[in-house]
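Some notes on the structure that comes next.
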Amino acid sequence: MNEPQNLASTKKTTQVHRQASKQINFRVSEPDYLKLVRSAQTLNLSVPAFVKKKAQGARLVAPKIAAQDAQNITHQLAKIGGNLNQLAHHANQGGQIDPQALKDLQNEVQRVWQQLT
């Protein structure tokens, strides 16, 4: 009868080309891990990215805007940009721009600016 082949030896080995070729693993206590998780979340980083930056001596500063707020502001700016493109396209085609549309767009920009300050 045939003996089962060792599948591990017949697999092709593929090399992964990474910028960082060395990996470090270490264990921490549950309280220490939770502290790392909280710190990483505050900076909008993963735990490994946070630990790596700390090990490299990076000066980490908490963002002034929460992640959800930044997402909302990004969405608002995208809408404003779309509106501005439509107005510019219309003007470039020789059309008249409604002064109220420009005023509304200016008010939207002002509202986003107030969220940032």
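The values are calculated or read from the model by the stated rules, or taken from the named source; none is laboratory data. Here the structure is a predicted model, which means the values were calculated and not measured. Neighbour counts are summed over all protein chains in view; Cβ atoms, including those assigned to glycine, are modelled from backbone coordinates with ideal geometry. The protein model used for the area step is the full one, side chains on, heavy atoms only, and it has no ligands, DNA or RNA in it. Shrake-Rupley method; radii C 1.70, N 1.55, O 1.52, S 1.80 Å.
Percent of accessible area on the chain owned by carbon and sulfur, 1.4 Å probe?
Values: 5610 of 10840 Å².
After summing per-atom areas, the C and S share lands at 52 percent.
Here the simple spin-label model places points 7 Å from the Cα toward Cβ, and for ARG59 and GLN115 these points are separated by 3.0 nm. Computed across the chain, the Kirkwood radius stands at 20.3 Å (inverse of mean 1/r, all Cα pairs). With Cα atoms as the point set, the radius of gyration and Dmax of region 15-71 evaluate to 13.7, 41 Å.
Say a site is exposed when it is one of the trypsin sites (Lys or Arg not before Pro), sits in a DSSP loop, and has at most 10 other Cβ atoms within 10 Å; what is then the longest site-free stretch of the chain?
On the way: sites that count: LYS11, LYS12, ARG18, LYS22, ARG27, ARG59, LYS64.
Here the longest run is 65-117.
Rounded to the nearest 0.05, the FRET efficiency derived from the C-beta distance between ILE73 and SER21 at R0 = 25 Å is 0.05. Accessible surface area normalised per residue over the chain is 93 Å², counting heavy atoms of protein chains with a 1.4 Å rolling probe.
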